[in-house]
Amino acid sequence: MSKRAGESTIFLENNVMISSFAASGGKNEAKGPFGDCYDYKDADDLFGQSCFEDAESAMQSLTLKIALEKRGIEASGLSFILGGDLLNQCIGTTFALADFKAPFIGLYGACSTISEGLMLASLLVDSGAGDRAAAITSSHYCTAERQYRFPLNYGGQRTPTSQWTATASGALILERGKTPPFVRAVTVGRICDKGIIDANNMGAAMAPAAHWVIKTFLSDAKMSPQDFDLIVTGDLGRVGSKILCELLLRDGIDILDRHFDCGASLYGEEQDSHSGASGCGCAAGLLCGHFLPRLKSGELKNILFAATGALLSPTSSQQGKSIPGISHLCWLSSEAG
């Protein structure tokens, strides 16, 4: 059984390993500094489909297929698939996984969904509820713009604090075993709402949730930032990353020399993403394409991974409601517990 520690942290008592992982990206992601990390890169962001919503489903389906092929198993070998995306009722994931014959658990954590899926899948495997579980998520620039903002041909001007939704997907498979990387512990996030109402400033809305979950894990686990090679956040962007580091410094926690934010780093300066990247696929793609290979090889020993999500909808934004944030944290290691 897993062991509860402190306020919100759970230590896994079995060696739960990430046995396979895969990442896919679009043409803009392929041009960025991490373009080589994707298993598949699409030339026109349509992934062989006629509309962008179908393209996102095709991208997610393809990513899971690659992860399964790397592991050498069929979908029938999965006890569970946990997944979600940004679209209304998670239709990107629903249609992506409809042909995979495995028990499905739909998730919505906005851009924190890969952390949520990884956390829950690892707990299911650790508890013995299933032998093998997959976690997957995706986002697509064109589907997110159509749902949350304006049609692409509207041509509205983006604010300096805005972020570019990544066209990317990440999938991973967890099971008990002895091959790194391992999930050592998880911290369940808490909804944090500081009254931010600007949907073009999601980094500021999500930073308090990342602050809470990182601070809580370090307290629960009785560890410090120096115990980790990197502390990786999801898609706070440049604005949210600065806020996070300042909030932690107020509590005497300095992560400046080891903080990496996927949103602030996914695109190069010449790509003019303003504050950076966002979307479920932002952190998922870099986790599965960049960080997990480095943990597997032993280049990295221990990282904290905390994707972040802005829990808004078009309806809540139109009604002038604030944007709550959420972040779930996973301790990933090249060493078994």
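In this structure the amide hydrogen of LEU46, modeled in the peptide plane, comes within under 5 Å of no amide hydrogen from residues 5 or more places off or on another chain. For the stretch 182-333, the convex hull drawn through the C-alpha positions has a volume of 108 cubic angstrom per residue. Short to long, the 10 Å bins of the Cα pair-distance histogram for the stretch 17-176 hold 11, 41, 34, 12, 3, 0 percent of all pairs.
Note on the chain: helix-only mean residue ellipticity at 222 nm, from DSSP H runs of 4+ residues weighted -39500 (n - 2.57) and normalised by residue number, equals -9500 deg cm²/dmol. Using a Gaussian network model of the chain in which every pair of alpha carbons under 10 angstrom is joined by a spring, one finds that among GLU116, GLU56, GLU246 the greatest mean-square fluctuation is at GLU246. Fraction of C-alpha pairs exceeding 37 angstrom in the chain: 9 percent, rounded to a whole number.
Just checking the listed ones, LYS222, LYS41, LYS27: in the Gaussian network model of the chain with Cα springs under 10 Å, the one fluctuating most is LYS222. Measuring against 25 Å, Cα to Cα, the residue pairs LYS27/LYS321; LYS70/LYS101; LYS70/LYS296 contain LYS27/LYS321 as the ones spanning a longer distance. Taking θ as phi - 60° and the Karplus parameters 6.51, -1.76 and 1.60, the scalar couplings of the stretch 258-267 work out to 9, 7, 10, 10, 4, x, 6, 10, 5, 10 Hz in sequence order, x denoting glycine and proline. Springs between Cα atoms under 10 Å define the GNM used for the chain, and in it the highest mean-square fluctuation of SER316, SER219, SER169 occurs at SER316. Length gained on full extension, GLN318 to LYS178: 45.4 nm, using 0.36 nm per residue less the C-alpha separation.
Each reported figure results from applying straightforward, stated rules to the coordinates on display, with no laboratory input. None of these values were measured; they are calculated from a predicted model.
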